[in-house]
Amino acid sequence: MQRISHWVGNRVVPGTSGRTGKVFNPATGEQQAEVDLASTAEVDAVVASAKAAFVQWRATNMSRRAEVMFRMRELLDANRKELASILTLEHGKVTSDALGEIARGVENVEFACGVPALLKGGYSEQASSGVDVYSIRQPLGVVAGITPFNFPAMVPMWMFANAIMCGNAFVLKPSEKDPSASMFIADLLRQAGLPDGVFNVVHGDKEAVDRILVHPDVSAVSFVGSTPIAKYVYETGTRNGKRVQALGGAKNHMLVLPDADLDMAADAAVSAAYGSAGERCMAVSVVLAVESVADRLVGKIAERIPNIKVGPGSDPSSEMGPLISREHRDKVAGYVTGAAAEGAKVVVDGTPRAAGEGYFLDPSLIDGVKPGMRCYDDEIFGPVLSVMRVSGYEEGLRTINDNQFGNGTAIFTRDGGVARQFQFDVNVGMVGVNVPIPVPVSYYSFGGWKASLFGDQHMYGPEGVTFYTRTKVVTSRWPDPRTSSVDLGFPQNR
């Protein structure tokens with residue numbers, strides 16, 4: 001049985017806690033590895049390694065840091081297929097989806113190569129007589145990332161690329177469900193020339209997370225996961241004096257107006273709802289269909305669903321793979337089987353597939369969904385698309401703004417004026433206009449509003465650089481000794 005251990009000081013370090021977790025192949029349901037789960041003492045050792053490495057890394061010039069990140073970008077590009085196969089094996093996603101995840105992650109590494117341009121400070125000459133004032137951006141120290149199972153390569157790249165380029169040392173605690181991608185990435189960073197201890201991986205469960213959140217030498221924590229855990233991470237981390245960005249759950253709505261191209265909208269809804277088996281925080285999980293076109297739109301979505309090829313990610317013909325675990329598959333299926341009892345109509349039932357091998361669940365479509373139903377109120381995180389019928393734009397907008405989540409949303413229309421009004425009115429952090437999954441490009445930043453984000457900085461891009469640095473302002477004077485005198489008055493600028 002393969003054993004997956006920690007990465008400390010640029011080498012694999014076996015765990016000593018005596019605790020391990022099981023790693024499954026979601027396509028077969030078979031255990032394929034075991035992963036070490038760190039004790040508090042092991043987390044302390046990892047943080048100590050990072051703390052020691054930070055001293056030299058922060059003093060490393062920015063050109064040298066950029067050289068390392070440029071090499072990392074080339075190594076990721078050269079090893080895309082091998083990394084994608086790791087994602088398929090442990091997460092279950094199909095190859096095209098795995099390669100897409102890696103591509104979006106590499107974009108963030110590319111952005112990080114240019115971080116030196118964003119670390120420039122400001123300078124004011126002669127702010128007072130003979131006095132100059134300037135600002136500089138400096139790293140925080142040891143920073144940590146706690147990442148989810150659904151994007152085991154991309155989300156770490158959202159975090160560590162900027163963090164390291166800003167001069168920090170990084171500790172990654174990946175999901176214990178699919179931990180191998182983080183180890184592969186760690187070795188690529190070693191090959192790129194990153195010094196020992198600057199990037200570390202500690203595997204674990206709640207014990208490891210809790211220690212990271214209270215450790216006095218961890219200055220900042222980045223997190224992506226469910227809203228309840230995001231809230232816990234934010235409250236615990238900030239209570240212990242840390243800077244925290246915690247991205248939570250979502251319930252993303254797609255508003256389809258009567259003037260929209262319904263075929264285009266149906267294609268977009270199917271793609272955005274069932275891609276990655278619905279296991280992504282930017283998945284469209286609710287279509288808000290204006291009543292006058294609702295029947296036609298539901299029909300078009302339903303007729304497309306049987307064409308989706310569900311199967312193992314290793315099969316090149318598969319378009320959607322399994323869910324991450326048996327427990328999660330059964331939970332998602334429960335939302336579908338319980339929808340009719342709540343008054344909704346199950347148009348396409350994908351739950352019969354759940355009886356087979358592996359953690360597969362076919363796509364499901366539920367019509368007549370309303371607030372108050374579990375299938376609407378909860379983040380399902382699976383291949384289930386709900387349709388809620390609304391009278392028009394105003395009701396659709398109100399429904400989106402009333403929802404507790406505010407991660408992503410989309411509007412489908414041919415009317416530019418309405419689309420512009422929507423992006424002005426809607427209380428959501430990421431908005432798509434005829435784009436169903438509006439994940440920002442790497443030189444913007446990712447993050448929602450309301451219960452989808454805890455903290456005041458979004459992830460990656462310019463806000464990621466801000467999160468991983470702090471500003472120091474220096475006031476400088478080189479006086480002529482002949483003019484020096486004692487002055488007990490309040491400092492004046494004139």
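The values are calculated or read from the model by the stated rules, or taken from the named source; none is laboratory data. Please read these numbers as outputs of a predicted model, since none were measured by experiment. Reconstructed Cβ throughout: ideal geometry from the backbone, glycine too, with neighbour counts over all protein chains shown.
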| Pairs, first of a type in the set (Gly, Ala, Ser) in the stretch 402-425, second surrounded by 14 or more Cβ atoms within 10 Å (Cβ to Cβ) and assigned to a strand (DSSP E or B), C-beta under 6 Å, six or more apart | GLY406/TRP449; GLY406/LYS450; GLY408/ASN252; GLY408/MET430; ALA410/MET254; ALA410/GLY432; ALA419/ILE411; ALA419/VAL433
| field | Those residues of the stretch 363-396 which are surrounded by fewer than 19 Cβ atoms within 10 Å (Cβ to Cβ) and either modelled with pLDDT under 95 or within 22 Å of MET320 (Cβ to Cβ) (or both), in sequence order | value | ASP378
| message | For the stretch 412-425: of the residues being in contact with a strand residue (DSSP E or B) (Cβ under 6 Å, 6 or more places away or on another chain) and outside any strand (DSSP E or B), which is surrounded by the most Cβ atoms within 10 Å (Cβ to Cβ)? | response | PHE422
| message | Taking the conditions exactly as written (surrounded by fewer than 18 Cβ atoms within 10 Å (Cβ to Cβ), within 30 Å of LEU118 (Cα to Cα) and under 25 Å from the mean Cα position of the chain (by Cα)), does ALA52 satisfy them or not? | response | no
| task | Being under 25 Å from MET264 (Cα atoms), in a loop (DSSP other than H, G, I, E, B) and out of contact with any helix residue (DSSP H, G or I) (no Cβ under 6 Å at 6 or more places or on another chain) is the filter here, so list the residues in the stretch 427-459 that pass it. | result | VAL428, GLY429, ASN434, VAL435, PRO438, VAL439, PRO440, VAL441
| remark: The residue from GLY197, GLY204, GLY121 that alone is in contact with a strand residue (DSSP E or B) (Cβ under 8 Å, 6 or more places away or on another chain), in the same structural domain as ALA78 (by TED's automatic domain parsing), of a type outside the set (Ser, Thr, Tyr) and at pLDDT below 95 is GLY121
| Members of the stretch 165-222 that are surrounded by fewer than 24 Cβ atoms within 10 Å (Cβ to Cβ), among the basic types (Lys, Arg) and touching a residue at least 12 places away in the same chain (Cβ under 8 Å) | LYS177, ARG190, ARG211
| request: Determine whether the stretch 113-129 contains at least one residue that is within 25 Å of ARG11 (Cβ to Cβ) and crowded, with 21+ Cβ neighbours inside 10 Å. | output: no
